[in-house]
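Let me begin by presenting the structure, written as structure tokens, before commenting on it.
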Amino acid sequence: MGTCKMNRVEPYAYLRDLFISLANGHLSKDIDALMPWAYAQRTSASRAHRTICKRST
């Protein structure tokens, strides 16, 4: 949870995404993609994309 806080990630949302990824068969060789800092990058990119899409409509 400390790593989530350091990366400005909401712990519940991160854990929910983590467990869904694991249940869907996430490959163990790509474990870095499951880390809180990777989650923070994905969610910030997703937010940026939504903001751009809203502005263009």
Counting only residues that are small (Gly, Ala, Ser), open to solvent by 50 Å² or more (accessible area, probe 1.4 Å) and at pLDDT below 85, segment 1-47 contains a total of 3
Please name all residue pairs, on different chains or six or more residues apart, with Cβ atoms under 7 Å, provided the first residue is in segment 17-31 and is free of Cβ contacts under 8 Å to residues at least 60 places away in the same chain and the second residue is assigned to a helix (DSSP H, G or I) and surrounded by 10 or more Cβ atoms within 10 Å (Cβ to Cβ). Asp17/Tyr39; Leu18/Leu34; Ser21/Leu34; His26/Leu34
Only residues in segment 1-13 that are among the polar types (S, T, N, Q) count as the first member; pair them with residues that are open to solvent by 50 Å² or more (accessible area, probe 1.4 Å) and in a loop (DSSP other than H, G, I, E, B), Cβ under 9 angstrom, at least 6 apart or cross-chain, and list the lot. Thr3/Met35; Asn7/Met35
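The values are calculated or read from the model by the stated rules, or taken from the named source; none is laboratory data. Remember, predicted model here, so these are calculated numbers, not experimental data. Glycine also receives a Cβ, built like all others from the backbone with ideal geometry; neighbour counts cover every protein chain displayed. These area figures cover heavy atoms from the full protein model, side chains too; ligands, DNA and RNA do not enter into them. Shrake-Rupley method; radii C 1.70, N 1.55, O 1.52, S 1.80 Å.
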